[in-house]
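Structure, as structure tokens:
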């Protein structure tokens, strides 16, 4: 198996995996979605709320805020010595106390104060509630680790998808270089150099086959490599994108090892 990084930033990573089949690619995708732990607010104690928003709606909004996650310092509740009752090794407390003066105030995620500087809202620009003059909220929230199989709010990925690696080829004998395929291609994969049609940035091809429909039969062919996949992973901000891929790969490796041990014992 070979892995090639195509693009990487603070929010997402695109990489090419070669030498695997579709079952492995889908297992890696599902691991990132459902088995990778991330922090999220799970319990909310509302001490005061004089806003027009119901307590339940405000608690749900707090639960959907992506929180930066420290996998080294916290345990999953079921793996903690406290058996999930809530301790400093499996739970983090965040507080919210805002009071409006003589004007309206919008409460944002940045107004949350965490007892652990490593666990904070991934972005401070998420609006939670608007307070009218002299309204206020006082809230104590408890965040813990969880997985996407339990609740979608624990998913550290906003998007994780893969596609086959496209192979676009032009038959110069059948192509009349009219340029129609260049105009209809939404990803600008094809280009006309003088009187020759050539390809560029083929990894961006969406496999729509619009160029094949526009040209003579057999002039352009689009196929895919059966053992190569292009992944696109976008983080919610809970974990860096490279950490998402690395940790998911380790989890998948451990699960495969357990499955093999079980099979060998039969």
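The values are calculated or read from the model by the stated rules, or taken from the named source; none is laboratory data. Note that the coordinates shown come from a computational prediction; the quantities given were computed from them, not determined experimentally. Please note: Cβ atoms are built from the backbone with ideal geometry, for glycine as well, and neighbour counts cover all protein chains shown.
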When restricted to 42, 79, 70, the only residue within 25 Å of residue 157 (Cα to Cα) and either touching a helix residue (DSSP H, G or I) at 6+ places or on another chain (Cβ under 8 Å) or crowded, with 18+ Cβ neighbours inside 10 Å (or both) is 42
For the condition touching a helix residue (DSSP H, G or I) at 6+ places or on another chain (Cβ under 7 Å), outside the structural domain of residue 70 (by TED's automatic domain parsing) and surrounded by fewer than 20 Cβ atoms within 10 Å (Cβ to Cβ), what is the one hit in 222, 256? 222
Are any of the residues in the range 179-190 part of a strand (DSSP E or B), outside the structural domain of residue 69 (by TED's automatic domain parsing), in contact with a helix residue (DSSP H, G or I) (Cβ under 7 Å, 6 or more places away or on another chain) and within 30 Å of residue 19 (Cα to Cα)? yes
One residue from 137, 98, 106 being surrounded by fewer than 20 Cβ atoms within 10 Å (Cβ to Cβ), touching a helix residue (DSSP H, G or I) at 6+ places or on another chain (Cβ under 8 Å) and farther than 28 Å from residue 29 by Cβ: 98
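So that you can scan it fast, the table gives a plain yes or no per residue for (1) touching a strand residue (DSSP E or B) at 6+ places or on another chain (Cβ under 7 Å); (2) surrounded by 14 or more Cβ atoms within 10 Å (Cβ to Cβ); (3) at negative phi:
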site: 132; (1), (2), (3): no, no, yes
site: 155; (1), (2), (3): yes, yes, yes
site: 168; (1), (2), (3): yes, yes, yes
site: 188; (1), (2), (3): no, no, no
site: 193; (1), (2), (3): no, no, yes
site: 199; (1), (2), (3): yes, yes, yes
site: 205; (1), (2), (3): yes, yes, yes
site: 209; (1), (2), (3): yes, no, no
site: 226; (1), (2), (3): no, no, yes
Any residue at all in the range 227-238 that's under 25 Å from the mean Cα position of the chain (by Cα), farther than 30 Å from residue 146 by Cβ and either at pLDDT 90 or above or not in a loop (DSSP other than H, G, I, E, B) (or both)? yes
